[in-house]
Amino acid sequence: MKKIDPIQWLKYVLCIFATFVVLFPPYVVFVNAFKQQQEKSSPFALPESFFNFENFSVVIERANIITSFSNIGIIIVVSLLGNILLGTMVAYVLGRFDFKGKALILGSFLFAVVIPTITTQVVVFSIIKSLGLFNTLFGPILLYVGADIVQIYIYLQFIKNIPDELDESAMIDGASLFRIYSSIIFPLLKPATATLVILKTINIYNDLYIPYLYMPKKELAVVSTTIMRFASNNQAQWSMICAAILLIMIPTIILYLFLQRYIFSGVMGGAIKG
């Protein structure tokens, strides 16, 4: 008879418990999103029908969810393009060249992370307003585009794993530094870029503070501010709030399903250094 390993059983129990903790909130949101207003069953019970889409149509109409998706889509796309361009270029320079002030630049990025964001908001708000970007999509875009330390280090880890011989061979063939960056370095950073896309998209998509502060105009609402206003105006209609949450969850789930293989390879690639 095989001996029972209590440690192994404890691992299984902890895994099951962790899975339950992670999946239970989405389950509650999912089942309640399809319930009609007159259903008085437990919030954990299944709905009478999963073909009841009335809540979703009401949410789309009342919350103007299409405009919210459009606004956040523009912000995410433009911000990601700026982040990828700046992040790869800065990481290429810091990872491939030695020059005076290199350590100072990296230290400046780290120092900026240490400073609490809330302490600089008055100055940042004044700058955005003086530039005429208050109550426009370009205000948050400018704040999100900044090349932060996370993306710099993600790209630096990958660039260090790219052999220097590739650059030297390209230089012998007469390639310029920009050609080396665009034709050799940038294509090899796809896993890191996919990881950055996931992290930045979720961060921007879920952010409430910046859109709420810099874009209070109703026409510029994004998904986070839309769900906040919709929930405050429909506090008693739990099924509609769940339908709104489910609609907002769908894009991030789809994004993860399409890019998960790049994330896994990105994590492994960043962990293995030659």
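For region 211-240, the set of residues classified as in a helix (DSSP H, G or I), surrounded by fewer than 21 Cβ atoms within 10 Å (Cβ to Cβ) and of a type in the set (A, V, I, L, M) consists of L213, L220, M228, A231, listed by residue number. In region 50-63, the count of residues that are closer than 19 Å to V223 by Cβ, surrounded by 10 or more Cβ atoms within 10 Å (Cβ to Cβ), among the polar types (S, T, N, Q) and modelled with pLDDT of 90 or more is zero.
Picking from residues in region 66-81 that are loosely packed, with under 14 Cβ neighbours inside 10 Å and more than 15 Å from the chain's Cα centre (by Cα), the one that is nearest to D148 (Cα to Cα) is S70. Note on region 104-136: among residues that are in contact (Cβ under 8 Å) with a residue 60 or more places away in the chain and in contact with a helix residue (DSSP H, G or I) (Cβ under 6 Å, 6 or more places away or on another chain), the one that is surrounded by the most Cβ atoms within 10 Å (Cβ to Cβ) is I128.
Applying a threshold of 9 Å to beta carbon distances and a minimum spacing of six or more residues, or different chains, the list of pairs starting in region 207-219 at a residue that is closer than 16 Å to V145 by Cα and ending at one that is assigned to a loop (DSSP other than H, G, I, E, B) and acidic (D, E) is empty. For region 82-103, taking the residues that are aliphatic (A, V, I, L, M) and without any contact (Cβ under 8 Å) to a residue 40 or more places away in the chain, the one that is surrounded by the most Cβ atoms within 10 Å (Cβ to Cβ) is identified as V93. Comparison of A243, A194 shows that the only residue that is on the phi < 0 side of the Ramachandran plot and at pLDDT below 85 is A194. Scanning region 114-137 for residues that are assigned to a helix (DSSP H, G or I) and under 18 Å from the mean Cα position of the chain (by Cα) yields no hits at all. Taking the criterion of being among the acidic types (D, E) and either surrounded by fewer than 17 Cβ atoms within 10 Å (Cβ to Cβ) or outside any helix (DSSP H, G or I) (or both), the residues of region 138-167 that qualify are D148, D164, E165. Within region 4-31, residues that are surrounded by 10 or more Cβ atoms within 10 Å (Cβ to Cβ) have Cβ atoms under 8 Å from residues that are assigned to a helix (DSSP H, G or I) in these pairs: P26/M249; V28/C242; V29/C242; V29/I245; V29/L246; V29/M249; F30/C242; F30/L246, counting only partners at least 6 apart in sequence or on another chain.
Mind checking which residues of region 168-183 are hydrophobic (A, V, I, L, M, F, W, C), in a helix (DSSP H, G or I) and more than 19 Å from G87 (Cβ to Cβ)? Across region 168-183, the qualifying residues are A170, M171, I172. Could you tell me whether region 91-104 includes any residue that is among the hydrophobic types (A, V, I, L, M, F, W, C), assigned to a helix (DSSP H, G or I) and more than 23 Å from P191 (Cα to Cα)? Among the residues of region 91-104, at least one is among the hydrophobic types (A, V, I, L, M, F, W, C), assigned to a helix (DSSP H, G or I) and more than 23 Å from P191 (Cα to Cα), which makes the answer yes.
The values are calculated or read from the model by the stated rules, or taken from the named source; none is laboratory data. As the structure is a computational prediction, the values presented were derived from the model and not from experiment. Every residue, glycine among them, receives a Cβ derived from its backbone with ideal geometry; neighbour counts consider all protein chains shown.
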